[in-house]
Amino acid sequence: MSAAQDTLLYSRVETVLAGEIAAGDLRVGDQLPTEDRLIARFGVSRITVRRAIQNLVSRGLVEIHRGKGTFVAAPRITQELTELSGFVEDMHALGRKPTARVIGKEIVTADAIVAGQLVLTKGERVIRIRRLRLADGIPLSFDETYLPLEIGKKIITNNLKAEPIFSLLERKYDVPLIEADYKLDAVAAEPEIAKALKVKPRSPIFRIERTSYSTGGRPVDYERLHYRGDLVQFVTRLVRKAPRRAGF
């Protein structure tokens, strides 16, 4: 068989399977037919099937679970870092359906980091809210939010499975959000977070620390957001400053 013929064969297998994924005939989490079944279906060699599958893996459409098989992968989400926005706003902009599960909401004492971010005294009482955020039913982010006690006690009286904290702050309690400090790290998922996100412990995830400010530079919301590294990528656009002219 010539190289051109081989290319046509695996390209056909790849195209047909990719089309079935796009059409919803194969859904996220579905297992692809075995190699033997694909060989029989398309009348091609094992090498051809494997090459087609590897191309689908490279495109992020499927993932191989060793010892189990090949499964349709959840589509990767690309999130732009261009403005201050909440999870619900981000998912709506991407055409995804956001939902949330509230894991806990309680009064805790602020440690040094939380106190520093909210400009409070260490040991001062704050509200901590922990939620699992999902997109189209897929766990995407484990969020830990800290709020000053006064506004936090109001926020937790609401249905936090349905109402975003940003919206509550701005629309219900008249606390406008103006800007935020943002720090992004790559970390290993701790057991509790890994379990919630349905990934293996120590899997690579993104950890975002975000402190949002209201008018007058007043910090009102400090968050630790943990995003699945296999499902999310963050992008931004950089503008180059005009180069300085060399001195004479």
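The values are calculated or read from the model by the stated rules, or taken from the named source; none is laboratory data. As the structure is a prediction and not an experimental result, all values here were calculated from the model. Methodologically, a virtual Cβ is constructed for each residue, glycine included, from the backbone with ideal geometry; neighbour enumeration extends over all protein chains shown. Heavy atoms of the whole protein, side chains included, go into the accessibility calculation; ligands, DNA and RNA do not. Shrake-Rupley method; radii C 1.70, N 1.55, O 1.52, S 1.80 Å.
In summary, the lysines within cross-link reach of Lys161, defined as a Cα separation below 23 angstrom excluding same-chain residues under 8 places away, comprise Lys97, Lys105, Lys153, Lys172, Lys195, Lys198.
Semi-axes of the equivalent ellipsoid of the stretch 114-177 are 22, 16, 10 Å, computed as sqrt(5λ) over the eigenvalues of the C-alpha gyration tensor in descending order. Packing-based ranking of 71-80, 38-47 yields 71-80, 38-47, ordered from highest to lowest mean Cβ neighbour count within 10 Å.
Of the solvent-accessible surface of the stretch 98-248, computed with a 1.4 Å probe over protein heavy atoms with every protein chain present, carbon and sulfur atoms account for 51 percent.
Listed values (i) 1.30; (ii) 0.91; (iii) 1.11 include one computed from this model; for Cα Rg over 2.2 N^0.38 Å that value carries the label (i). The HN-Hα couplings worked out from phi for the stretch 19-27 by the Karplus form 6.51 cos²θ - 1.76 cosθ + 1.60 (θ = phi - 60°) are x, 5, 5, 5, 7, x, 5, 10, 9 Hz, whole numbers, x standing for Gly and Pro. In the stretch 18-85, the ratio of gyration radius to Kirkwood radius, Rg to Rh, stands at 1.10 when only Cα atoms are counted. For the chain, the solvent-accessible area works out to 60 Å² per residue, with a probe of 1.4 Å and every protein chain left in place. Averaged over residues, the count of other Cβ atoms within 10 Å places the peptides 114-123, 8-17 in the sequence 8-17, 114-123, highest first.
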